[in-house]
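Scroll down for the structure; my scribbles are underneath it.
The values are calculated or read from the model by the stated rules, or taken from the named source; none is laboratory data. All values reported here derive from a predicted model rather than from experimental measurement. So basically every Cβ, Gly included, is an ideal-geometry build from the backbone, and we count neighbours across all protein chains shown.
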Amino acid sequence: MMIRLIMLLVIFLETGICYAITSEQRGLEIALETERRDADFGDYFVEGTMTLTSPDGAVGQRQFKMYTLEMQDDGDKRLVEFVQPRDLAGMISLTYSHGLEADDQWLYMPVLRRTKRLAARDKTGSFAGSEFAFEDISTWEVKKYTYKHLRDETLDGKATFVVENTPSYPYSGYSRIMEWVDQSIYHPLKLVYFDKAGNELKELRFYDYRQYQNRYWRPGKVVMTNFQTGAVSTIEWKNYTFQTGLTENKINPGALRRWAR
């Protein structure tokens, strides 16, 4: 009982009325504030260099371009176009994120010159041989999860909210995701993913945040570590560009072959 009472926040004391907020409500408030602060960016472009390090020390690299289009009435849309290495050059993934519905995802294979639609159950597969799953490259949408604020904690010298995110959408490969949200900028510093058996699967760390357009925070580097295999995938980001004029008719399945030319 005492633990339950500690988890409640009491606000609006000056009104003389006490409103008890549960940890679930507080978790949702944090998620909604994160969404509010990053809203109305329109679209943005960024270049990524992904370095894959296997448990035996072997290293591989991929280079790609990523385009994200904000949608007002549904989840955002994201296109990833690979540039290097040669065997991946021209491969394109396209993701239409949704709330409680499974995301729509397509993959254009330049060797076959055809676009393949991924089944909902394919989202747990490795993205381009990395520790990122297809599920991980979709954009974050508030409705995809239920939330629970567990505690406040300092991480790397920064005050964070620790929030438990439980997937609400079909075919997620995770049972839950623990998130450390920077209290000053409302963006994640760390995510820990748990597999369907409830075991720690992997960790994603975010580094070198910078602010763009005097509002939007984006990381300069992210590192995904697989706890179960020891493999690591690092992405370094550069050349963030906002409001490029990207439109829906340029980012749809029928247009993927034109992107690859």
Of all residues making up the range 1-45, the number that are closer than 30 Å to residue 227 by Cβ, hydroxyl-bearing (Ser, Thr, Tyr) and at pLDDT below 95: 0
Where residue 80 falls short, out of the listed (1) surrounded by fewer than 16 Cβ atoms within 10 Å (Cβ to Cβ); (2) touching a residue at least 40 places away in the same chain (Cβ under 8 Å); (3) of a type in the set (Val, Ile, Thr): (1)
Among residues of the range 237-260, those that are assigned to a loop (DSSP other than H, G, I, E, B) and either within 21 Å of the chain's Cα centre (by Cα) or of a type in the set (S, T, N, Q) (or both), counted: 6
Candidates 150, 189, filtered to the one that is more than 15 Å from the chain's Cα centre (by Cα), surrounded by 15 or more Cβ atoms within 10 Å (Cβ to Cβ) and assigned to a strand (DSSP E or B): 150
Any hit, the range 193-215, residues being at pLDDT 95 or above and closer than 17 Å to residue 66 by Cα: yes
Test for residue 184: is it over 17 Å from the mean Cα position of the chain (by Cα) and not in a strand (DSSP E or B): yes
Matching residues, the range 172-214, being within 24 Å of residue 104 (Cα to Cα) and of a type in the set (Ser, Thr, Tyr): 172, 174, 175, 193
Among residues of the range 83-95, those that are surrounded by fewer than 19 Cβ atoms within 10 Å (Cβ to Cβ) and either basic (Lys, Arg) or under 19 Å from the mean Cα position of the chain (by Cα) (or both), counted: 1
Pair list, Cβ < 9 Å and 6+ apart or interchain, from the range 165-186 residues that are at positive phi and surrounded by fewer than 16 Cβ atoms within 10 Å (Cβ to Cβ) to residues that are at pLDDT below 95 and charged (D, E, K, R): 171/121; 171/122; 171/123; 171/135
Residues being among the charged types (D, E, K, R) and either buried (at least 17 other Cβ atoms within 10 Å of the Cβ) or more than 26 Å from residue 131 (Cα to Cα) (or both) - total across the range 210-235: 2
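Among the residues of the range 47-63, what is the count of those that are touching a residue at least 40 places away in the same chain (Cβ under 8 Å) and within 18 Å of residue 232 (Cα to Cα)? Walk me through how you get there before you give the answer.
Step one: of the range 47-63, the residues touching a residue at least 40 places away in the same chain (Cβ under 8 Å) are 47-55, 60, 62.
Still in the list and also within 18 Å of residue 232 (Cα to Cα): 48-55, 60, 62.
The total comes to 10.
Confirm whether residue 131 is out of contact with any Pro (no Cβ under 9 Å at 6 or more places or on another chain) and surrounded by fewer than 20 Cβ atoms within 10 Å (Cβ to Cβ). Show your work before the answer.
Numbers: out of contact with any Pro (no Cβ under 9 Å at 6 or more places or on another chain): yes; surrounded by fewer than 20 Cβ atoms within 10 Å (Cβ to Cβ): no.
In short, no.
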Number of positions in the range 169-181 that are within 15 Å of the chain's Cα centre (by Cα) and either in a strand (DSSP E or B) or of a type outside the set (Phe, Trp, Tyr) (or both): 8
